[in-house]
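This report refers to the structure that appears directly beneath it.
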Amino acid sequence: MSVSAEDAAGITDLTIHLEGAVRRDTVIQSDYAPRVDWSEASFISRDARLEDSIVILATVRDGFGKVSQARRVLRVTDTTPPGLQVRVDTIHHGGIDELYFPMVFYPGEVVRIHVKATDNHSLARLGFRMLGGGDSIITSAAADSADFEYAVPPGTNTPNAYVEAYAVDSIGRRTFTRVWAVAMDGTFRPVQALSPYEDPLHEYDQQGGYAFDAKRDRLYFTSFTNELQSVSLSPFAEYQRYRYPTQARGVDLTASGDTVVVLLVGRPNLLLLWDAATGPVTVDTIAVTLLGDCDGWDMQVAANGRAFVTGWSPVGCPTVEVDLRTRTQRTRAIPFALRNLVVSGDHSVIVAWNQSEALIYRSATDVISSVKPLFPAPTTAELSSAGPALDHSGATIVIRGRVYDGDLNSSRGLEPDPSFVPPSPALSADGKTVFLGSWPGYVRGNTETGALAERIILPRVPWRMFAHPDGQRMVVFGWRWIGVVDLR
């Protein structure tokens with residue numbers, strides 16, 4: 001608090017009288033000074049109540065004896081908001097990976113919320129809001145707590161199902177605290193999983209990365225290390241790991257399913273061929289010399305027995321075709337930018353692609369199509385790198401959320417919930433059922449009608465999916481794990 005007085009004739013005395021929440025009298029005498037100032041910091045009594053007043057009455061006398069007064073009223077107010085704590089009980093779901101799903105709720109589940117608040121004077125209300133609903137209690141205590149329950153409404157599906165707790169004190173000051181939560185609507189399916197694996201398998205979004213052995217119900221996959229790994233799908237178990245002196249970049253089988261082909265990065269890059277029935281007891285080696293100083297990038301085998309090998313270097317690389325029977329090789333007119341390859345189940349079609357373009361190679365005619373533009377990639381990085389999914393014959397192709405025919409003509413769009421970060425799509429062997437990634441699972445849809453029929457929730461986050469030709473299983477690649485989902 002401060003008071004200033006000025007007078008041309010000089011000031012002889014200044015009196016400050018305080019009353020109300022602070023009581024004090026102060027007299028300052030002066031020898032005709034033209035200006036007198038007073039200031040003081042005063043502690044308000046603990047007994048003071050909100051809206052109590054402090055009256056300041058200043059009286060000044062000048063050198064001629066004239067008296068002037070000024071009066072000011074201050075109000076006691078509260079500038080401290082309430083203190084607030086909130087705790088939300090988690091609900092344990094069988095098989096849920098709590099690392100990725102720390103606060104997940106499904107429609108119909110009851111969320112239990114615990115709110116505790118304090119105030120330096122008194123509270124008025126404390127409560128919560130969630131998904132457009134909420135509840136609160138009225139209180140006048142300086143400290144209070146409340147327990148609430150909230151049922152997640154049917155059909156709720158959002159990554160922003162946060163719980164917002166709040167407290168209001170007696171003069172209306174508010175404090176808010178949020179607990180982030182996710183609400184998911186869909187059918188929950190467990191995953192039979194094997195883990196851990198050394199490298200994140202979601203990198204396969206940009207390459208083939210795996211090969212299915214239909215004769216032995218076995219899956220081979222590379223993980224950008226010196227290992228080729230394999231798992232048996234019947235029963236589901238780790239089968240074998242094969243170590244090499246350099247990085248195993250790609251793997252495929254011949255159309256007959258009799259020979260495993262592995263791409264090793266090096267100088268030169270190598271193709272290793274061995275009998276799928278007996279394993280790598282005897283290995284044939286083909287040096288892909290036409291790749292030159294490029295690192296092997298991707299490899300797929302066509303039904304005519306020719307392996308297509310792409311490479312990478314800062315200055316570009318050719319696509320090399322290697323005849324696995326004659327060991328001869330030649331370069332093919334596939335642009336360097338389209339170095340990612342995916343093959344159909346019968347190996348009759350290979351798609352070479354990037355984020356904006358793709359082309360088709362048909363083994364029956366040995367013809368490479370012209371480059372076709374793709375629909376623009378979404379801004380979500382994980383979705384934009386999601387590779388194509390082909391049916392068994394290559395007649396239907398799904399790239400991201402869009403269906404293309406076997407000539408890469410777009411026929412229709414299929415859009416899952418865009419709120420979630422999705423993995424790559426998968427396609428049934430007959431091309432009629434599409435499985436579109438929709439974090440943390442997928443949406444099952446119909447490629448002919450564009451209708452999305454069912455949303456599946458998985459207990460672990462998938463990055464790449466492969467629909468088994470039997471129509472009853474889905475193989476799912478995740479971060480450091482691989483699993484099988486029962487589709488029945």
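The values are calculated or read from the model by the stated rules, or taken from the named source; none is laboratory data. Just so it is clear, the structure is predicted and the values come from calculations on it, not from any experiment. So basically every Cβ, Gly included, is an ideal-geometry build from the backbone, and we count neighbours across all protein chains shown.
Summary table below
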read-out	value
Some residue of region 160-172 being surrounded by fewer than 16 Cβ atoms within 10 Å (Cβ to Cβ), hydrophobic (A, V, I, L, M, F, W, C), in contact (Cβ under 8 Å) with a residue 60 or more places away in the chain and farther than 13 Å from V115 by Cα	yes
Residues located in region 102-115, provided they are part of a strand (DSSP E or B) and surrounded by 17 or more Cβ atoms within 10 Å (Cβ to Cβ)	V104, F105, V111, I113, V115
Qualifying position, being in contact with a Ser or Thr (Cβ under 8 Å, 6 or more places away or on another chain) and modelled with pLDDT under 85, among V27, V76, V36	V76
Test: P388 is in the same structural domain as T449 (by TED's automatic domain parsing), at pLDDT 70 or above and not aliphatic (A, V, I, L, M)	yes
Matching residues, region 269-296, being in contact with a Leu (Cβ under 7 Å, 6 or more places away or on another chain) and assigned to a loop (DSSP other than H, G, I, E, B)	A276, V283
Residue check for T12: in contact (Cβ under 8 Å) with a residue 24 or more places away in the chain, of a type in the set (V, I, T), farther than 30 Å from S170 by Cα and in a strand (DSSP E or B)	yes
Residue among V403, V349, V398, V342 that is surrounded by 14 or more Cβ atoms within 10 Å (Cβ to Cβ) and modelled with pLDDT of 95 or more	V349
Contacts under 6 angstrom Cβ, first residue in region 236-253 being assigned by TED's automatic domain parsing to the domain that holds T225 and of a type in the set (S, T, N, Q), partner at pLDDT 90 or above and assigned to a loop (DSSP other than H, G, I, E, B), 6 or more apart	T246/V265; T246/G266; Q247/V265
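Residue-wise test of (1) part of a loop (DSSP other than H, G, I, E, B); (2) at pLDDT 80 or above; (3) among the hydrophobic types (A, V, I, L, M, F, W, C).
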{"site": "P422", "(1), (2), (3)": "yes, no, no"}
{"site": "A429", "(1), (2), (3)": "yes, yes, yes"}
{"site": "G437", "(1), (2), (3)": "no, no, no"}
{"site": "G450", "(1), (2), (3)": "yes, yes, no"}
{"site": "R460", "(1), (2), (3)": "yes, no, no"}
{"site": "W463", "(1), (2), (3)": "no, no, yes"}
{"site": "G471", "(1), (2), (3)": "yes, yes, no"}
{"site": "M474", "(1), (2), (3)": "no, yes, yes"}
